[in-house]
Amino acid sequence: MSAEPLLRIENLVKHFHVRLGAFGEKAATVYALDDVSLDIEEGETLSLVGESGCGKSTTGFTILNLHRASGGKVIYKGQDLTRLDEKHMRPFRRDLQIVFQDPYSTLNPRMTVGEAVGEPILFHKLATKAELKERIATLLSDVGLPARFASRYPHELSGGQRQRVVIARALACQPKFIVCDEAISALDVSIQAQIINLLLDLQEKYRLTYLFIAHDLAVVQHISTRVGVMYLGRLAELAPRDALFQTPLHPYTRALLSAVPETDPERERNRKRQILQGDVPSPLNPPSGCRFHTRCPIAMEVCSKVVPEWKAARPGHLVACHAVNSGLS
Ligand SMILES: Nc1ncnc2c1ncn2[C@@H]1O[C@H](COP(=O)(O)OP(=O)(O)O)[C@@H](O)[C@H]1O
Ligand code: SF4
Ligand SMILES: [Mg+2]
């Protein structure tokens, strides 16, 4: 890992101000992301996992300044991106891309594949019109599509092919960092494996860094360098992949992992599934102290009163839990 992280996220906060009630008469705040700090190292795949609504997409969007942060910093190339308006973000937009679950939301149905892939190149003036055709052909080849696909429309493609086009479009400006937000979740399982392999090949070829948002823990275990576990807008645990899967420290991570079937039949027979009691509380009114205390099987008195510190239990293994001692102090 390099000395300086590619991105440094410090105490990032995102609150959405919403209106509730039949007539929108009641103002409320969604505490979607609270005090999230992490470094993203160049060339790594950092995955974010956690139940639906825990703030994974909000983290990705706020890092990319597609949502305005309510607090905290995102440091990239010495700049705090959260302070930049769209005009000043433009030079950074090239480097920082996102791929969504649904390629239909990214691809304009009236644009050919070639136009879709070429658009960001022309926008950022990275090629002349004469060079464009060749550049598009290279990008399509990079994602495993023949050059003749340039004249096709999204509806003429399969789901997997469409996602390849979306990836080619994300690659068009030679980015450094790509948020893959459930990028494979909507695809058939056999196609998922192909797209994962494609992402891994492209990462190696272009030294890409991924923030990989997913709910399939088997996929996360396969592709990640490190894994972050989120619960109700906060990071519960962050560790190198093997440390997280083999020695999870946070009670929520343990419960989450206990739901993953083991490939070894003997271990699968002995697997103890830990079912969490109750539902995830509302982010409109998150529990005090540790947000997990209403469902935690080992909650103590302090847990409802004091927010657990985000600390290293072992080098590189961070956790927010009163029951876990800091191994470094
Ligand atoms: N634009 C928005 N306006 C209001 N609330 C939002 C908005 N986007 C997300 N949220 C809320 O923020 C919380 C986190 O959402 P999200 O980041 O999409 O979760 P995840 O990606 O982990 O499923 C959820 O409660 C969601 O309803
Ligand atoms: S801080 Fe307390 S409630 Fe939260 S996970 Fe740790 S033991 Fe459970
Ligand atoms: Mg999401």
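The values are calculated or read from the model by the stated rules, or taken from the named source; none is laboratory data. Because the structure is a prediction, the values reported are computed rather than measured. When we count neighbours, we look across all protein chains shown, and the Cβ atoms used for this are built from the backbone with ideal geometry, even at glycine. Protein only, heavy atoms only, side chains kept; ligands, DNA and RNA dropped before computing areas. Shrake-Rupley method; radii C 1.70, N 1.55, O 1.52, S 1.80 Å.
With a Förster radius of 51 Å, plug the Cβ-Cβ distance of K133 and F16 into 1/(1 + (r/R0)^6) and report the FRET value to the nearest 0.05. With a Förster radius of 51 Å, E is 0.75. Here segment 123-208 has 50 percent of its accessible surface on carbon and sulfur atoms, given a 1.4 Å probe and all protein chains in place.
For the chain, the Cβ-based charge dipole about the Cα centre amounts to some 540 debye (Lys, Arg positive; Asp, Glu negative; other atoms uncharged).
A cut-off of 5 Å between modelled amide H atoms, ignoring neighbours fewer than 5 places along the same chain, links C180 with V99, L211, F212, I213. Restricting segment 223-329 to GluC sites (Glu not before Pro) that sit in a DSSP loop and have at most 16 other Cβ atoms within 10 Å of their own Cβ leaves E262, E309. Working from label points 7 Å from Cα in the Cα-to-Cβ sense, the H222 to R94 distance is 3.4 nm. Remark: relative contact order (segment 9-111) = 26 percent; criterion is Cα-Cα distance under 8 angstrom and separation of 6 or more residues.
Within the chain, the selection of entire DSSP H helices by a Cα span of 15 Å or greater along the long axis and an average Kyte-Doolittle value of at least 1.0 returns 113-123.
Here's the picture: a label point sits 7 Å out from the Cα of H155 along the beta-carbon direction, and within segment 89-116 the residues with their amide nitrogen under 20 Å of it are 102-116. Reducing segment 1-72 and segment 181-198 to their Cα centroids gives an inter-centroid distance of 24 Å.
For n ≥ 4 DSSP H runs only, could you compute -39500 (n - 2.57) per run for the chain, divide by its residues and tell me the 222 nm figure to the nearest 500?
One gets -9000 deg cm²/dmol as the mean residue ellipticity at 222 nm.
Taking a straight line from the alpha carbon of K205, these aspartates and glutamates sit under 18 Å away, with near neighbours fewer than eight places off in the same chain left out: E41, E42, E44, D95, D142.
Pull out the extension gain between F23 and V307, defined as 0.36 nm times the separation in residues minus the alpha carbon to alpha carbon distance; nm, one decimal.
98.7 nm
Spacing of the modelled spin labels on D279 and R314, each 7 Å from Cα toward Cβ, amounts to 3.7 nm. Normalising the average separation of contacting C-alpha pairs (under 8 angstrom, six or more residues apart) by the number of residues puts the relative contact order of the chain at 18 percent. For D39, the residues whose amide H sits under 5 Å from its own are I9, ignoring neighbours fewer than 5 places away on the same chain, with H placed 1.01 Å from N.
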